[in-house]
Structure formats: structure tokens, C-alpha cells
Amino acid sequence: MAEMAVTVPAAAGTLRPCTGVSARGAAVLGRWRPLALAAPAKLRSSSSAVRVPRATSPAAVEDGSNTDTDPIPKVIIDQDSDPDATIVEVTLGDRLGDLVDTMSALKNLGLNVVKASVCLDSTGKHNKFALTKSSTGRKIDDPELLEAVRLTIINNMIQYHPESSSQLAMGATFGPEAPAEQVDVDIATHIDIYDDSPERSLLVVETADRPGLLVDLVKAISDINITVQSGEFDTEGLLAKAKFHVSYRGKTLSKALQQVLVNSLRYFLRRPTTEDASF
């Protein structure tokens, strides 16, 4: 995929097709993809609150073309494909522009956009950013900061493309129009665990999306002393899809521990949410 400098947006009509995607591959882009095995970057919980910088004002740079059918919004946070940076991919059909204001909002979180690229295929326009922490020059290892990145991107998408509000769970929080239908958590939730290597397992979770879900998932896993090494977290419309590399004392999870983890996550995802700070 050809890369362009962040400070020099591509001119209209110069988008290149996404490379490495066959006709069949393009049709399934946006579903689960194999994870590249990168050096583990453990996710560490932080006590700081999640901040969501909002766009300063709707600017033309964020606008793309419109079509009659509203596409499904997608935000992918990938911790596996690059050992040195967190890769974020944003898609809304062919409607997204260069996302200059979104990149500015991400910088307000204390992040550097070290690389940016745009490509076009049959599923739409794919904007990719490579992010590092300004303080360390390294990829993001804090779940709360990763969630802030996700919410910032979704907030800006809703602000510049209000039609996406009704197709995102966050539309009820940030948008002018909440989704017409609520996802049944019991039906939407799927949890699977696979042996990835002798040192770690692959946890795959699909469930109804909501604000703070990424942080809460990592906390629920860590609460039973399982280590989250790295992974990918996708927002696709009203659903969230997570893939985490996990281990217990440097080893893959036993069958018994896998069952404990599945039961714990099912209970956590299906219980009513409460405010921790309500006292």
C-alpha cells in the first residue's frame, strides 16, 4: 500500500487501489483477518479517565462523497501488524475525506501520527494511521488510551457524517440519532478460544458495542490473572469484535482456564452496567 506524508493530503482522484487484496479478499475485507505475530506489547491498565477530544468545527477536509445507501462504519485498532506503532483503520464506504481534523484530535491525546495512507477497493475508502505515544515514541500500551482513540474517531465520524449515528452504538451517546434497534447481547455475544502457540492462546469475542468496552474487556480478563499481550479491536456498526493474544504465566491457557475465562466474560457482558462512581 502506497504511503503518503501526513502533511500532504492526496489530491482528488489520485487514490490508489488497496494492494494485496484479491477479488475474493476484497469482498471479505472488514471481517476477521489473520494476525501477524509481532513482539508482544502487554496492555497495561491506567487509572486516568478516558478523554474524548471533539473536532473543533466541521471542515471540508473531512468530507467525502455520498451515496444513496448508508455504509456500515468501521474502526479497526490493530496492535499486531506493526511492532512499533498502533495501526488504526477507518472506513465509511467512500465518504471519508483525508481526516485531517481527526488526526489533529488524536494528537490532542498525546499521540503522533507517524504514517498515514489511503486506498480504495470495492468495500470503500480505507484511511490508515500509524500512531505512537508522543512521550515515548512507542505504540500505545494503555487500554484506556486505546479506547479514547476509538471514541475520538467515532465521535468525529458522527460529527462530520451524521448519517452514521444511527448505525453506531455510540450514536446514542455522541450522535443526533440513536440506533433504531438495540442489539440483543445474549444473541450477539460469541466467545471462542484457540491454541495460538505453546506460549499463548487467541481469545475471540464478538458482542454488542458500547462506550468503554475495550477497557472493560481487558480489566475482566486481567481480574482472573490472565495476561493480555496484544490484539485487535474492531468496531463494525453496532457490534464490537475483539481478538486478544492471552497467556497465563507465560503459557497457553489450559482447557479448564479457558472455560473459566469464557464463563467470566459471558457473565460480565450480559450483566447490567452500573456506575462505579455512584457512591
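Straight-line cross-link partners of residue 219 among the lysines, defined as a Cα under 19 Å from its Cα and at least 8 positions apart when in the same chain: 42, 241, 243. When the charge dipole of segment 65-108 is built from unit charges on Cβ atoms (+1 for Lys and Arg, -1 for Asp and Glu) and taken about the Cα centre, the candidate among 85, 105, 75 whose Cα reaches farthest toward its positive end is 105. Here the simple spin-label model places points 7 Å from the Cα toward Cβ, and for residue 222 and residue 204 these points are separated by 2.6 nm. Sequence-distant contacts, meaning Cα pairs under 8 Å at least 6 residues apart, place the relative contact order of segment 171-279 at 27 percent.
What's the FRET efficiency of residue 192 with residue 84 using the Cβ-Cβ distance as r and R₀ = 35 Å, to the nearest 0.05?
Working: r = 29 Å, r/R0 = 0.84.
With R0 = 35 Å, the Cβ-Cβ based efficiency is 0.75.
Could you point to the residue in 213, 227, 262 farthest towards the positive end of segment 183-270's charge dipole, with +1 and -1 charges on the Cβ of Lys/Arg and Asp/Glu respectively? Working it through, the farthest residue towards the positive pole turns out to be 227.
Residues in segment 111-118 carry Karplus couplings, in order, of 10, 10, 8, 7, 8, 8, 8, 9 Hz; the curve used is 6.51 cos²θ - 1.76 cosθ + 1.60 with θ = phi - 60°, and Gly or Pro positions show x. Across all directions, the average projected area of the convex hull around the alpha carbons of segment 210-252 is 3.1 nm². Working note: Karplus 6.51/-1.76/1.60 with θ = phi - 60° gives segment 245-250 the couplings 7, 10, 8, 10, 6, x Hz, where Gly and Pro are set to x. When nucleic acids and ligands are ignored and a 1.4 Å probe is applied, residue 18 ends up with an accessible area of around 20 Å². Evaluated with a Cβ-only charge set (Lys, Arg +1; Asp, Glu -1), segment 137-279 carries a dipole of roughly 560 debye about its Cα centre, given to the nearest 20. Here the label points at residue 259 and residue 136, each 7 Å from Cα along the C-beta direction, are separated by 3.7 nm in the simple model.
The values are calculated or read from the model by the stated rules, or taken from the named source; none is laboratory data. Everything numeric here is computed off the predicted structure, so don't read it as measured data. Cβ: placed from backbone, ideal geometry, glycine included. Neighbour counts: every protein chain shown. Heads up: the accessible areas ignore ligands, DNA and RNA and are worked out on the full protein's heavy atoms, side chains in. Shrake-Rupley method; radii C 1.70, N 1.55, O 1.52, S 1.80 Å.
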